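Report on one structure; see the data block that follows.
Just so it is clear, none of the values below were taken in a lab; they were calculated from the coordinates. Computed from a predicted structure; not experimentally measured. For neighbour counting, all protein chains shown are included, and Cβ atoms are generated from backbone atoms with ideal geometry for every residue, glycine included.
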Amino acid sequence: MPVQLLAPRLATLAGKTLACLWNFLFKGDAVFALLEERLAAQFPDVRFVSWREFGNTHGSGEREALAVLPRRFQELGVDAAISAMGC
């Protein structure tokens with residue numbers, strides 16, 4: 001398998017669109033609400049695409065859910081993603 005380089009880190013979240021991805025295993029709904037609130041306070045023009053837009057990124061539909069992300073990110077103008085939770 002070829003080596004895939006990581007995307008460069010964003011210099012700032014100001015004016016960026018962030019996708020929120022959740023694996024439905026912990027309290028991501030509550031965590032993302034707090035995270036969005038805090039990030040929006042620091043970067044008032046940041047925009048979030050909810051985890052509801054993407055559905056569950058874990059489990060039996062994981063492969064399909066992840067396969068469509070690049071296209072969905074492009075359609076939605078996503079600059080970066082926050083992928084969470086775990087237990």
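Quick notes
- Going from the fewest other Cβ atoms within 10 Å to the most, the residues ARG47, ARG9 appear in the order ARG9, ARG47.
- Inter-part distance, segment 49-69 to segment 23-40, computed on C-alpha centroids, equals 16 Å.
- Contact order normalised by residue count of the chain, Cα under 8 Å, 6+ apart, percent: 47 percent
- Global geometry of the chain, whether rounded, prolate or oblate, following the gyration tensor of its Cα atoms and the 1.5 cut on a/c: oblate
- The 3J(HN,Hα) values that the Karplus relation (6.51, -1.76, 1.60; θ = phi - 60°) gives for segment 12-22 are, in residue order, 7, 9, 4, x, 8, 10, 10, 8, 9, 10, 9 Hz. Gly and Pro appear as x.
- Residue-wise HN-Hα coupling along segment 54-64, computed from phi with Karplus coefficients 6.51, -1.76, 1.60 (Hz; x: Gly, Pro): 9, x, 6, 9, 9, x, 5, x, 4, 4, 5
- Mean residue ellipticity (222 nm) of the chain, computed from DSSP H runs ≥ 4 via -39,500 (n - 2.57), nearest 500: -9500 deg cm²/dmol
- The dipole here belongs to segment 20-84: it is taken about the Cα centre, uses +1 on the Cβ of Lys and Arg and -1 on the Cβ of Asp and Glu, and is about 100 debye.
- Around the amide H of TRP22, modelled in the peptide plane, lie the amide H atoms of THR57, ALA84, all under 5 Å away and 5 or more residues distant in sequence or on another chain.
- Between the amide H of PHE48 and those of LEU18, distances stay under 5 Å, these residues lying 5 or more places away or on another chain, with hydrogens modeled in the peptide plane.
- THR12, THR17, THR57 arranged by Cβ crowding within 10 Å, fewest neighbours leading: THR12, THR17, THR57
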